[in-house]
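**Student:** Quick one: the structure is below, questions incoming.
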Amino acid sequence: MESTDHPAAPDLSDIAGLGYEQAREELVQVVSRLEAGGTSLEESLALWERGEALATRCEQWLDGARERLDAARTRRADADGGSGAGEETAGRG
């Protein structure tokens, strides 16, 4: 029972242009569809791949936001003469 029909990899190029909220909302929908079941193996795999790509896009947005916050804190600490900079990071890690 050999088959040469392999499902094509889904086109994920549109994900790069999504904002955080859009990517997160679609990720929630993908997860809901996967949890509901009733999809073929091929569709489940395509949904899984899209979900992984959406999760990566969300992480990129969050990493960018984290970098912006860190930069703003650094600028603030530099403007304040460095006072309190150690207090903000003391609880992390």
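**Student:** Take the residues of the stretch 71-82 that are open to solvent by less than 80 Å² (accessible area, probe 1.4 Å) and outside any helix (DSSP H, G or I): which is modelled with the highest pLDDT?
**Tutor:** Checking each candidate, the answer is Gly81.
**Student:** For residues that are open to solvent by 80 Å² or more (accessible area, probe 1.4 Å) and under 20 Å from Asp14 (Cβ atoms), tally how many sit in the stretch 34-48.
**Tutor:** Residues that pass the stated criteria total 3.
The values are calculated or read from the model by the stated rules, or taken from the named source; none is laboratory data. Every value quoted in this text rests on a predicted model; they were computed, and no experiment measured them. Every residue, glycine among them, receives a Cβ derived from its backbone with ideal geometry; neighbour counts consider all protein chains shown. In case anyone asks, the SASA skips ligands and DNA or RNA and just uses the protein heavy atoms, side chains included. Shrake-Rupley method; radii C 1.70, N 1.55, O 1.52, S 1.80 Å.
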